[in-house]
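Right, one structure below, let's go through it.
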Amino acid sequence: MRLDKFLANQGFGSRKDAKKFIKDKRIKINGVFAKKPEDNINPLVDEISIDDDVIEYKENYYFMLNKPKGYICATEDNFQNTVLELIPEYNYLKLFPVGRLDKDTTGLLLITTDGDFAHKLISPKRHVDKVYIATLDKDVDMKIKNEFESGIILDDELTLPAKIEQLESNVCKVTLHQGKYHQVKRMFEYFGYKVIELHREKFAFLTLGDLQEGEYRELTDEEVNHLKML
Ligand code: URA
(Lines give C-alpha, C1' and ligand atoms only; values in the text may rest on other atoms or scores of the structure.)
Protein backbone atom coordinates (compact mmCIF):
# COMPACT_ATOMS: atom_id res chain seq x y z
CA MET A 1 0.00 0.00 0.00
CA ARG A 2 1.23 3.52 -0.71
CA LEU A 3 2.34 5.40 2.38
CA ASP A 4 0.06 8.39 1.69
CA LYS A 5 -2.93 6.09 1.28
CA PHE A 6 -2.08 4.32 4.53
CA LEU A 7 -1.86 7.66 6.38
CA ALA A 8 -5.12 8.90 4.87
CA ASN A 9 -6.84 5.61 5.72
CA GLN A 10 -5.62 5.84 9.29
CA GLY A 11 -7.30 9.22 9.54
CA PHE A 12 -4.29 11.49 9.09
CA GLY A 13 -6.07 13.86 6.72
CA SER A 14 -5.87 13.88 2.97
CA ARG A 15 -3.09 12.59 0.78
CA LYS A 16 -1.95 16.20 0.52
CA ASP A 17 -1.59 16.36 4.31
CA ALA A 18 0.38 13.12 4.19
CA LYS A 19 2.74 14.66 1.69
CA LYS A 20 3.37 17.57 4.03
CA PHE A 21 3.94 15.29 7.04
CA ILE A 22 6.54 13.41 5.01
CA LYS A 23 8.19 16.62 3.83
CA ASP A 24 8.26 17.92 7.43
CA LYS A 25 10.09 14.74 8.47
CA ARG A 26 7.37 13.62 10.85
CA ILE A 27 6.86 10.16 9.39
CA LYS A 28 9.17 7.17 9.78
CA ILE A 29 8.99 3.73 8.23
CA ASN A 30 10.68 1.17 10.46
CA GLY A 31 12.59 3.95 12.17
CA VAL A 32 13.82 5.62 8.98
CA PHE A 33 12.39 8.91 7.70
CA ALA A 34 9.93 8.33 4.89
CA LYS A 35 11.06 9.86 1.62
CA LYS A 36 8.01 10.14 -0.55
CA PRO A 37 4.24 9.65 -0.48
CA GLU A 38 4.48 6.82 -3.01
CA ASP A 39 6.72 4.72 -0.73
CA ASN A 40 5.27 1.25 -0.55
CA ILE A 41 4.54 -0.22 2.85
CA ASN A 42 2.92 -3.31 4.23
CA PRO A 43 0.75 -2.19 7.18
CA LEU A 44 0.85 -5.67 8.68
CA VAL A 45 4.63 -5.81 8.76
CA ASP A 46 6.07 -2.30 8.64
CA GLU A 47 6.12 0.03 11.62
CA ILE A 48 4.95 3.49 10.62
CA SER A 49 5.28 6.34 13.10
CA ILE A 50 4.35 10.00 13.27
CA ASP A 51 6.47 12.16 15.55
CA ASP A 52 7.89 8.85 16.81
CA ASP A 53 4.45 7.59 17.91
CA VAL A 54 3.74 4.27 16.25
CA ILE A 55 0.53 4.31 14.24
CA GLU A 56 -1.51 1.30 15.16
CA TYR A 57 -3.05 -0.15 12.02
CA LYS A 58 -6.81 0.00 12.18
CA GLU A 59 -9.24 0.35 9.38
CA ASN A 60 -11.54 2.51 11.48
CA TYR A 61 -11.95 3.94 14.97
CA TYR A 62 -15.03 3.74 17.16
CA PHE A 63 -15.54 5.62 20.42
CA MET A 64 -18.23 6.08 23.00
CA LEU A 65 -18.32 9.51 24.66
CA ASN A 66 -20.25 10.66 27.70
CA LYS A 67 -21.15 14.04 26.27
CA PRO A 68 -21.35 16.96 28.71
CA LYS A 69 -23.56 19.99 28.13
CA GLY A 70 -22.16 22.84 26.06
CA TYR A 71 -20.67 20.86 23.18
CA ILE A 72 -22.21 20.65 19.75
CA CYS A 73 -22.29 17.54 17.59
CA ALA A 74 -20.33 18.87 14.64
CA THR A 75 -16.84 18.33 13.33
CA GLU A 76 -15.86 21.99 13.46
CA ASP A 77 -17.31 25.31 14.43
CA ASN A 78 -15.82 28.77 14.67
CA PHE A 79 -17.71 29.79 17.77
CA GLN A 80 -18.82 26.77 19.73
CA ASN A 81 -17.05 23.81 21.27
CA THR A 82 -17.51 20.56 19.39
CA VAL A 83 -17.63 17.07 20.84
CA LEU A 84 -14.44 16.23 18.94
CA GLU A 85 -12.54 18.58 21.24
CA LEU A 86 -13.22 16.04 23.98
CA ILE A 87 -11.09 13.48 22.13
CA PRO A 88 -7.92 15.54 21.68
CA GLU A 89 -5.63 12.49 21.72
CA TYR A 90 -7.10 11.46 18.38
CA ASN A 91 -7.43 14.90 16.79
CA TYR A 92 -5.45 13.69 13.79
CA LEU A 93 -8.30 11.34 12.86
CA LYS A 94 -11.22 12.38 10.70
CA LEU A 95 -13.82 11.63 13.34
CA PHE A 96 -17.47 12.54 13.34
CA PRO A 97 -20.43 11.91 15.62
CA VAL A 98 -23.01 9.23 14.84
CA GLY A 99 -26.17 11.31 14.74
CA ARG A 100 -26.70 14.27 17.00
CA LEU A 101 -27.37 15.18 20.56
CA ASP A 102 -28.40 18.78 21.24
CA LYS A 103 -25.87 21.15 22.76
CA ASP A 104 -27.62 20.93 26.14
CA THR A 105 -28.16 17.15 26.03
CA THR A 106 -25.76 14.89 27.93
CA GLY A 107 -24.92 11.23 27.61
CA LEU A 108 -23.99 8.47 25.24
CA LEU A 109 -22.70 9.52 21.86
CA LEU A 110 -20.85 7.34 19.37
CA ILE A 111 -18.01 8.89 17.42
CA THR A 112 -16.25 7.18 14.55
CA THR A 113 -14.20 7.46 11.37
CA ASP A 114 -16.45 4.88 9.68
CA GLY A 115 -18.98 6.68 7.50
CA ASP A 116 -20.75 3.56 6.39
CA PHE A 117 -21.23 2.41 9.97
CA ALA A 118 -22.57 5.82 11.03
CA HIS A 119 -24.98 6.11 8.13
CA LYS A 120 -26.38 2.69 8.71
CA LEU A 121 -26.91 3.24 12.42
CA ILE A 122 -28.77 6.51 11.96
CA SER A 123 -30.73 5.40 8.93
CA PRO A 124 -34.46 5.76 9.55
CA LYS A 125 -34.79 2.20 8.27
CA ARG A 126 -32.76 0.85 11.14
CA HIS A 127 -34.73 1.25 14.33
CA VAL A 128 -31.94 1.29 16.88
CA ASP A 129 -33.28 1.82 20.42
CA LYS A 130 -32.17 4.98 22.17
CA VAL A 131 -33.04 5.51 25.81
CA TYR A 132 -33.30 9.02 27.28
CA ILE A 133 -33.97 10.38 30.74
CA ALA A 134 -35.98 13.58 30.42
CA THR A 135 -36.56 16.03 33.27
CA LEU A 136 -39.60 18.21 32.67
CA ASP A 137 -40.64 21.63 33.82
CA LYS A 138 -43.62 20.22 35.73
CA ASP A 139 -45.09 16.98 37.01
CA VAL A 140 -46.14 14.66 34.23
CA ASP A 141 -49.67 13.42 33.91
CA MET A 142 -49.21 9.91 32.57
CA LYS A 143 -52.39 10.22 30.58
CA ILE A 144 -49.97 11.06 27.76
CA LYS A 145 -48.66 7.48 27.81
CA ASN A 146 -51.04 5.98 25.25
CA GLU A 147 -50.63 8.71 22.70
CA PHE A 148 -46.88 8.95 23.33
CA GLU A 149 -46.56 5.24 22.70
CA SER A 150 -48.86 4.96 19.72
CA GLY A 151 -47.27 7.95 17.99
CA ILE A 152 -47.90 11.64 17.47
CA ILE A 153 -47.61 13.80 14.38
CA LEU A 154 -44.20 15.44 13.96
CA ASP A 155 -43.04 16.78 10.59
CA ASP A 156 -46.37 15.66 9.09
CA GLU A 157 -45.76 12.04 10.00
CA LEU A 158 -46.68 9.74 12.82
CA THR A 159 -43.74 9.02 15.11
CA LEU A 160 -42.84 5.38 15.56
CA PRO A 161 -44.08 3.75 18.74
CA ALA A 162 -42.04 5.04 21.67
CA LYS A 163 -41.98 3.90 25.29
CA ILE A 164 -42.41 6.12 28.30
CA GLU A 165 -42.02 5.31 31.98
CA GLN A 166 -42.34 7.74 34.85
CA LEU A 167 -39.33 7.64 37.21
CA GLU A 168 -40.20 10.65 39.38
CA SER A 169 -43.08 13.09 39.26
CA ASN A 170 -41.31 15.20 36.60
CA VAL A 171 -38.75 12.68 35.28
CA CYS A 172 -39.44 10.12 32.55
CA LYS A 173 -37.49 7.43 30.79
CA VAL A 174 -38.21 7.48 27.07
CA THR A 175 -37.23 4.84 24.53
CA LEU A 176 -37.21 5.88 20.88
CA HIS A 177 -36.54 3.79 17.80
CA GLN A 178 -35.92 6.72 15.54
CA GLY A 179 -34.07 10.02 15.79
CA LYS A 180 -35.96 12.97 14.43
CA TYR A 181 -34.59 16.42 15.06
CA HIS A 182 -35.19 17.38 18.74
CA GLN A 183 -37.53 14.42 18.92
CA VAL A 184 -37.80 13.98 22.68
CA LYS A 185 -38.20 17.70 23.30
CA ARG A 186 -40.79 18.05 20.56
CA MET A 187 -42.77 15.04 21.72
CA PHE A 188 -43.07 16.48 25.22
CA GLU A 189 -43.78 19.94 23.82
CA TYR A 190 -46.69 18.44 21.93
CA PHE A 191 -48.25 17.63 25.31
CA GLY A 192 -47.37 21.02 26.84
CA TYR A 193 -44.17 20.07 28.70
CA LYS A 194 -40.75 21.60 28.40
CA VAL A 195 -37.71 19.34 28.70
CA ILE A 196 -35.26 21.05 31.04
CA GLU A 197 -32.65 18.28 31.20
CA LEU A 198 -32.05 15.49 28.72
CA HIS A 199 -29.62 12.62 29.07
CA ARG A 200 -29.12 9.64 26.76
CA GLU A 201 -28.27 6.61 28.84
CA LYS A 202 -28.42 3.90 26.20
CA PHE A 203 -27.78 3.48 22.48
CA ALA A 204 -28.76 0.03 21.18
CA PHE A 205 -27.24 -2.36 23.75
CA LEU A 206 -24.55 0.10 24.85
CA THR A 207 -24.63 1.93 28.17
CA LEU A 208 -22.12 4.37 29.64
CA GLY A 209 -20.93 2.10 32.47
CA ASP A 210 -18.52 4.14 34.60
CA LEU A 211 -17.65 6.68 31.94
CA GLN A 212 -17.86 10.07 33.61
CA GLU A 213 -19.08 13.18 31.79
CA GLY A 214 -16.48 14.30 29.28
CA GLU A 215 -14.77 10.89 29.24
CA TYR A 216 -14.61 8.56 26.28
CA ARG A 217 -13.43 5.06 25.50
CA GLU A 218 -12.82 2.99 22.41
CA LEU A 219 -15.47 0.39 21.67
CA THR A 220 -14.32 -3.21 21.77
CA ASP A 221 -14.22 -5.23 18.54
CA GLU A 222 -17.09 -7.26 19.90
CA GLU A 223 -19.23 -4.15 20.46
CA VAL A 224 -18.43 -2.84 16.98
CA ASN A 225 -19.30 -6.14 15.34
CA HIS A 226 -22.51 -6.35 17.31
CA LEU A 227 -23.50 -2.82 16.21
CA LYS A 228 -22.71 -3.70 12.60
CA MET A 229 -25.09 -6.61 12.80
CA LEU A 230 -28.08 -4.61 14.07
N1 URA B 1 -34.14 14.39 21.37
C2 URA B 1 -33.94 15.69 21.63
O3 URA B 1 -34.88 16.47 21.70
N4 URA B 1 -32.69 16.10 21.79
C5 URA B 1 -31.63 15.30 21.76
O6 URA B 1 -30.50 15.75 21.95
C7 URA B 1 -31.85 13.94 21.49
C8 URA B 1 -33.13 13.51 21.28
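The values are calculated or read from the model by the stated rules, or taken from the named source; none is laboratory data. As the structure is a prediction and not an experimental result, all values here were calculated from the model. A quick note on method: Cβ atoms are made from the backbone with ideal geometry, for glycine too, and the neighbour counts reach across all protein chains shown. For the accessible areas, the whole protein counts, side chains as well, though only heavy atoms, and no ligand, DNA or RNA atoms are used. Shrake-Rupley method; radii C 1.70, N 1.55, O 1.52, S 1.80 Å.
Which number comes out as Rg/Rh for segment 136-175 once both Rg and the Kirkwood Rh are worked out on C-alpha atoms?
On the Cα set of segment 136-175, Rg over Rh gives 1.00.
Tell me, in nm to one decimal, what length is gained between residue 207 and residue 76 on full extension, where the rule is 0.36 nm per residue of separation less the Cα-Cα distance?
Length gained between residue 207 and residue 76: 44.5 nm.
Check each of the chymotrypsin sites (Phe, Trp or Tyr not before Pro) in segment 149-223 and keep only those in coil by DSSP with at most 13 other C-beta atoms within 10 angstrom; list them in order.
Taking segment 149-223 and a limit of 13 other Cβ atoms within 10 Å, the loop chymotrypsin sites (Phe, Trp or Tyr not before Pro) found are 181, 205.
Let me spell out the model: positive unit charges on the Cβ of Lys and Arg, negative unit charges on the Cβ of Asp and Glu, origin at the Cα centre of segment 3-54. What dipole size does that give, in debye rounded to 20?
340 debye
Based on the Cβ-Cβ distance from residue 155 to residue 215, what FRET efficiency comes out when R0 is 35 Å, to the nearest 0.05?
So, using R0 = 35 Å, E works out to roughly 0.55.
Using DSSP to define loop residues, name the GluC sites (Glu not before Pro) in segment 1-100 whose beta-carbon has at most 14 other beta-carbon atoms within 10 Å.
Those satisfying the criteria are 38, 47, 56, 59, 76.
Suppose every Lys and Arg Cβ carries +1 and every Asp and Glu Cβ carries -1, with no other charges. What dipole size does segment 62-228 come out with about its Cα centre, to the nearest 20 debye?
380 debye
So what's the back-of-envelope 222 nm ellipticity for the chain, counting only DSSP H runs of four-plus at -39500 (n - 2.57) apiece and dividing by all residues, rounded to 500?
Calculated at 222 nm, the ellipticity per residue is -5500 deg cm²/dmol.
Of 25/69; 19/67; 67/120; 120/143; 58/202, which pairs sit farther than 28 Å apart, going by alpha carbon to alpha carbon?
25/69; 19/67; 120/143
Over the chain, what percent of the accessible surface lies on carbon and sulfur atoms, probe 1.4 Å?
Of the solvent-accessible surface of the chain, carbon and sulfur hold 48 percent.
Taking every pair of alpha-carbon atoms in segment 1-113, what share in percent sits in each 5 Å bin, from 0 to the bin with the longest distance?
Going from the shortest bin to the longest, the percentages are 2, 12, 21, 19, 14, 11, 11, 7, 3, 0.
Please state, to two decimals, what the Cα-based radius of gyration of segment 3-54 comes to when divided by 2.2 N^0.38 Å (N = residues).
0.95
Using a/c under 1.5 as the rounded threshold, could you call segment 57-143 rounded, prolate or oblate? The axes a ≥ b ≥ c are square roots of the C-alpha gyration tensor eigenvalues, and prolate needs a/b larger than b/c, oblate otherwise.
oblate
Could you estimate the translational diffusion coefficient of segment 62-228 from the Stokes-Einstein equation, with Rh from the Kirkwood formula over C-alpha pairs, at 4 °C and 1.567 mPa s, in whole µm²/s?
In µm²/s, the coefficient rounds to 78.
Heads up, I need the accessible area for residue 44: 1.4 angstrom probe, whole protein in place, Å², nearest 10.
Near enough 150 Å² of accessible area.
Over the chain, give the accessible area per residue in Å² for a 1.4 Å probe, as an integer.
Here the per-residue accessible area is 56 Å².
Can you find, among 178, 220, 40, the residue farthest towards the positive end of the dipole of the chain? Put +1 on the C-beta of Lys and Arg, -1 on that of Asp and Glu.
Value computed over the given set: 40.
Work from the charge dipole of the chain (Cβ charges, +1 for Lys and Arg, -1 for Asp and Glu, about the Cα centre) and give the residue of 92, 109, 9 farthest towards its positive end.
Of 92, 109, 9, it is 9.
Which percent, to the nearest 5, of DSSP beta bridges fully inside segment 107-230 are antiparallel?
The antiparallel fraction comes to roughly 95 percent.
Which loop trypsin sites (Lys or Arg not before Pro) in segment 129-209, with loop taken from DSSP, have no more than 15 other Cβ atoms within 10 angstrom of their Cβ?
Taking segment 129-209 and a limit of 15 other Cβ atoms within 10 Å, the loop trypsin sites (Lys or Arg not before Pro) found are 138, 180, 194.
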